[in-house]
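Have a look at the structure below before the remarks.
The values are calculated or read from the model by the stated rules, or taken from the named source; none is laboratory data. What you are looking at is a predicted structure, and each value in this text was computed from that prediction instead of being measured. Here the Cβ is made from the backbone with ideal geometry for all residues, glycine too, and neighbour counts use every protein chain on show.
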Amino acid sequence: KPKAIVGNHDLSALARRGRPKALSCPVNWEDWTSAQLSTAQCEYLGSLPRELRLESCGCEARVIHHPAGAPYLHPHMPDEMLAEFFRDVPGRVVCFGHSHRRIDRVIRGRRFVCVPSVGEPRNGDSRAGYAVEEDGQIYFKFVSYAAQPLIRDIQAIGLDERFCERWVRFVLTARDPEWSREYPPSNTRKGTA
C-alpha cells in the first residue's frame, strides 16, 4: 500500500474549507482547490501524517514535507546550513519535498533527499520528477508528458490572471522568478530562499 504525507498545499486547501463552494472567480489556486474537494477527499487529506518513519537504503528514514522554520531549501546551500534545518528531524536518511528541486546530499553521515515535483517543477526541467529506491540506491526519474492539455485545463479554471500565468510558466519552463532563483548565500535560518 502506498504511503503519503500531508504537504503545505494540502493543508492550505483544508484551511479554506467552509468558504463558499461556488467561487465565480477564484482568487488563487488554494481557493479553487478547496472548492473542488469532496468531504471524503478532505477527510483523506486530513488523515495524512506530517511525517513517516520507514527504512530506506538500509537505514531508519524520516519522510517529511519540509522542516519547520526552514526556507525553500536549495541544492546549492552550504552543507552546514542544510543540515542545520534538519537538526531536530531524526533518521540517518531524511526525504523531503516542498522545494520542488532535486537534492541528494550526505552531510556528517546523514543523507538528505529532496524529491522533485510532479506538477510544479522549479528546477528548469519541465518533466514530472520523482525518486525511487532500488537495492539501497536512490534514483531520480523524470517523465515527459503533454503539457498543452494541462495548460488548457489550467486556463479553464478561471483563476486570477497572474496566478494562471505563473502556473502555466511552471509547466512550460519549470522556472519562476520568485521560487527558481539561484541560492543567495546571505540567507539565514529564518530567512527565505
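In segment 91-102, the condition of being of a type in the set (G, A, S), within 30 Å of L159 (Cβ to Cβ) and outside the structural domain of N8 (by TED's automatic domain parsing) is met by at least one residue. Of the residues contained in segment 137-148, one or more are found to be over 23 Å from R169 (Cβ atoms) and touching a Phe, Trp or Tyr at 6+ places or on another chain (Cβ under 8 Å).
Results for (1) of a type outside the set (A, V, I, L, M, F, W, C); (2) under 16 Å from R105 (Cα atoms); (3) exposed (fewer than 12 other Cβ atoms within 10 Å of the Cβ), shown as yes or no for each residue.
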residue	(1), (2), (3)
Y44	yes, no, no
S47	yes, no, yes
L52	no, no, no
C57	no, yes, no
L82	no, yes, no
F86	no, yes, no
V89	no, yes, no
V94	no, yes, no
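One residue alone among I107, I103 is β-branched (V, I, T) and either more than 23 Å from D176 (Cβ to Cβ) or over 15 Å from the mean Cα position of the chain (by Cα) (or both), and that residue is I107. Quick check on segment 59-76: of everything there that is part of a loop (DSSP other than H, G, I, E, B) and of a type in the set (A, V, I, L, M, F, W, C), which residue is surrounded by the fewest Cβ atoms within 10 Å (Cβ to Cβ)? Here the residue is A68. The numbered conditions (1) at pLDDT 90 or above; (2) over 29 Å from L14 (Cβ atoms) are all true for G124 except (1). The set of residues in segment 137-193 that are loosely packed, with under 10 Cβ neighbours inside 10 Å, at pLDDT 90 or above and hydroxyl-bearing (S, T, Y) contains only S144. Would you be able to say whether some residue in segment 149-166 is in contact with a Cys (Cβ under 9 Å, 6 or more places away or on another chain), assigned by TED's automatic domain parsing to the domain that holds H98 and within 26 Å of A4 (Cα to Cα)? The answer is yes; a qualifying residue exists.
Of the numbered criteria (1) in contact with a strand residue (DSSP E or B) (Cβ under 9 Å, 6 or more places away or on another chain); (2) over 21 Å from K3 (Cβ atoms); (3) small (G, A, S), the one G109 fails is (1). Every listed requirement among (1) touching a helix residue (DSSP H, G or I) at 6+ places or on another chain (Cβ under 8 Å); (2) touching a residue at least 60 places away in the same chain (Cβ under 8 Å) is met by C42 save one, (2).
Among the residues making up segment 131-165, those that are of a type in the set (A, V, I, L, M), over 19 Å from P116 (Cα atoms) and out of contact with any Leu (no Cβ under 8 Å at 6 or more places or on another chain) are I154, A156, I157, L159.
Here is the figure for segment 98-121: residues that are of a type in the set (G, A, S) and at pLDDT 90 or above total 1.
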